[in-house]
Every structure is written in structure tokens, then in C-alpha cells.
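The values are calculated or read from the model by the stated rules, or taken from the named source; none is laboratory data. Quick caveat: nothing in here was measured; it's all calculated off a predicted structure. We place every Cβ from the backbone using ideal geometry, glycine too, and count neighbours over all the protein chains shown. Just so you know, the surface numbers come from the protein's heavy atoms only, side chains and all, with ligands and any DNA or RNA stripped out. Shrake-Rupley method; radii C 1.70, N 1.55, O 1.52, S 1.80 Å.
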Amino acid sequence: MRVVPDPHQRNSGGFAPKDRMADNRTPSVAGRRALSFVDTITFDGKLSLVQVRIETGRTHQIRVHLQDRHTPVYGDDIYGLSDWNSRLSKVHKINRPLLHAYTLEIDHPVTGERMKFRAPMAEDMEKIAVAIWPQGEKERPDLFDQKAICAIQTEVEKNGQ
């Protein structure tokens, strides 16, 4: 899940984040495969709340793929829009990318059993998400449930692990 600025917004210099990269990197023909699926949950005319599912686990994969779509993560100093990030810092006192791992699924390294973890959004991100999507807590309470971590811990305790 992430919060993104309007995809048509450019910085004050008129450039997209990828245009500002000093070394003008281009994707390598021999680069490793990376696949992300992006679903927009809501859009308020300026910001979107999206859910991203990744098939691969490359470094900065979500951030790079979203920036490449001209929808960088709000608050991302590397791949984001500096003007938007400055506003996020000034207005909301948030100095981090609004990127959150809501669900994490991994295979246990010893048993191979599939493990699933869920965590609610941090308060600062939840504040922005509610501003974008006021009815979100009613439509998708699972995304906003502060008891999600406890529920996972309880399940693990029940299974004796």
C-alpha cells in the first residue's frame, strides 16, 4: 500500500523523478526480471491510495516501478517528487516514504510452511489515507485495524510456534 501524488505533477524544474537521475541510467537489457501488480484503491484528484503485489523481491522494486509509472511514493526522497515531499514535511510533519507492508507472506526457512503476517498502517500514514479516502475505515477495516498485529500473534501462539 502506498500514497502517491498526481501522476501528471512535475517538480518546480518541470522534470519527472527519473529525468533527474544524475547518471541517466536506463534499464539493462540483461537486467533481472521484476514484476509488480498495482491496484488503485482510491483517488481524490491529487493523491491515490494503491495496493501493490510483487511477484519478485528486487531492491526498491515498488519504488522504482511506481516512479516509472509517473506515480512515485509520497515522501520518497530518492524516487519521489521533491516539491510534494517538502509539502508533506511542512504540512503533516512526515519525513518518510508513505509505503507500508500490509501483508507479508514468506516460506519458513526450515519447515517450508507458508507464513503470513499482517500489520496496520502507521498513524501518520493512516491520517493521510483517511484524508484521501474518508469512507476507507468502513469499506476496508482490515487496512486500518490496529489489532491486526495482535491477531497474528494470537494465531502463532495457538499453533504453538
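Comparing L47, S36, T71 along the charge dipole axis of region 30-86, the residue lying farthest to the positive side is S36, per the Cβ-charge model.
With a 1.4 Å probe rolled over the protein heavy atoms of all chains, the accessible area of I41, I78, I132, I54 falls in the order I78, I54, I41, I132, largest first.
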